[in-house]
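Below is one structure, written out as structure tokens; the observations come after it.
The values are calculated or read from the model by the stated rules, or taken from the named source; none is laboratory data. Because the structure is predicted, anything quoted here is derived from the model rather than measured. All Cβ positions, glycine included, derive from the backbone under ideal geometry; neighbour counts span all protein chains shown.
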Amino acid sequence: MEPDLKEWVWYANLKGIATRKKVELLRIFDSPVQIYNADNIALSKTGILSKENISAILSKEYRDSVDKTIEEIYMKHIQVIPLNSSLYPNMLKNISDPPICLYVKGKLYADELSIAVVGSRRASGYGVSLAKKISSELSKFNICIVSGMARGIDSSAHMGALSVNGRTIAVLGCGLDIVYPGENKKLMDQIIENGAVISEYPPGVEPKPHHFPVRNRIVSGMSVGVLVVEAGVKSGSLITAQLALEQGRDVYALPGNVISINSQGTNKLIQDGAKLVLNAQDILDELNWFSLFDTKNVIDLNSYRNNRETFNDLDRDEQEVVELLLIESLQIDEIYKKLSIEMPLLHSVLLSLEMKGIIKRDPGGIYRIEV
């Protein structure tokens, strides 16, 4: 066990303290270990904690119960990724209230390029079909599909990614030792095999109605954009869309029959300014990424190496990345440190170069020149 993992799990599971306040407190004390060891005076001096907050931090009950939680985590083969881990998703880390700990089954990468696909639990055949189709098209180009493993659109999005052996991540509103809904046991196993199932709730936490709006911030927070396929006017998917806007993410919506209950929410999103989406290409075009299906622009690498005119077809940022990767294969964080390119733009540049056949992303998130 990592030296401070116990304190991270303890801190994550403290009740009555808002996640945003926990994040702010970490900026003051640097680590949960320091918070764990702080006394009443030190905690009071922060000026951000109520008496109830301080009581929770000093509570013997929470300190005693963490050992049992850690034991369950190991018994049930669950990985814990705290906020300071190099495996913690970069996009999620930068929202205002990131989970203090993520509980994970499967593989999680810090630099994963992801799109969230969400929608109604009572999905129509139209919605199910389009969710699968768009998710599978995006997955073919190493875009991870994030959703909530609920019935309907969420499950269809995961299935679409899995149908082409793509990566997909399910964010649960309960502990990872609980399959919810129960009929998704096989799907959950497949997601773990091809991606990850994650939660901010420790083992044993049952799914409760108020958990799902809270977990939706993770679905949107991990993604560069959120596609709402079908949603009624009171759908939880609209909460995800609103959270996405607050987090600075793009929102896309699939239009539907104007008299269909399932389309009222998505059509309203489009009225309010969401990008109308008919296929995966529309999402990529909106983000100014390279065209998925325009094969005439695919660069032959041998021609590139032997003909500098091909290099001139790349923009300046693409040229810088290619020149760097010709020297050595690197992860995205390493590229970011070596080049003066902002992370959102770097994601776009790397995807563009992948589409052109110049670079490839290997397991573990390492980018290399494609040979």
With the condition kept exactly as written, say whether any residue in region 203-216 is surrounded by fewer than 19 Cβ atoms within 10 Å (Cβ to Cβ) and among the charged types (D, E, K, R). yes
Can you give me the number of residues within region 22-41 that are part of a helix (DSSP H, G or I) and surrounded by 14 or more Cβ atoms within 10 Å (Cβ to Cβ)? 12
Residues in region 181-199: is at least one hydroxyl-bearing (S, T, Y), under 13 Å from I115 (Cα atoms) and crowded, with 20+ Cβ neighbours inside 10 Å? no
So the strands (runs of 3 or more DSSP E) completely within region 173-281 holding 3 or more residues that are within 18 Å of the chain's Cα centre (by Cα), touching a residue at least 60 places away in the same chain (Cβ under 8 Å) and over 21 Å from G125 (Cα atoms) are 196-199
Note on region 46-64: residues surrounded by 11 or more Cβ atoms within 10 Å (Cβ to Cβ), assigned to a helix (DSSP H, G or I) and free of Cβ contacts under 8 Å to residues at least 12 places away in the same chain are S55
Determine whether region 330-341 contains at least one residue that is within 22 Å of L108 (Cα to Cα), surrounded by 15 or more Cβ atoms within 10 Å (Cβ to Cβ) and more than 21 Å from the chain's Cα centre (by Cα). yes
Are any of the residues in region 76-89 surrounded by 14 or more Cβ atoms within 10 Å (Cβ to Cβ) and closer than 17 Å to V226 by Cβ? yes
Assess whether D250 counts as being in contact with a strand residue (DSSP E or B) (Cβ under 8 Å, 6 or more places away or on another chain), surrounded by fewer than 23 Cβ atoms within 10 Å (Cβ to Cβ) and not hydrophobic (A, V, I, L, M, F, W, C). yes
Tally, over region 128-142, of residues that are surrounded by 24 or more Cβ atoms within 10 Å (Cβ to Cβ) and either aliphatic (A, V, I, L, M) or modelled with pLDDT of 95 or more (or both): 5
Write out, first by first residue and then by second, each pair whose Cβ atoms fall under 7 Å of each other, whose residues are 6+ apart or on separate chains, and whose first residue, in region 326-350, is in a loop (DSSP other than H, G, I, E, B) while the second is of a type in the set (S, T, Y). S329/Y367
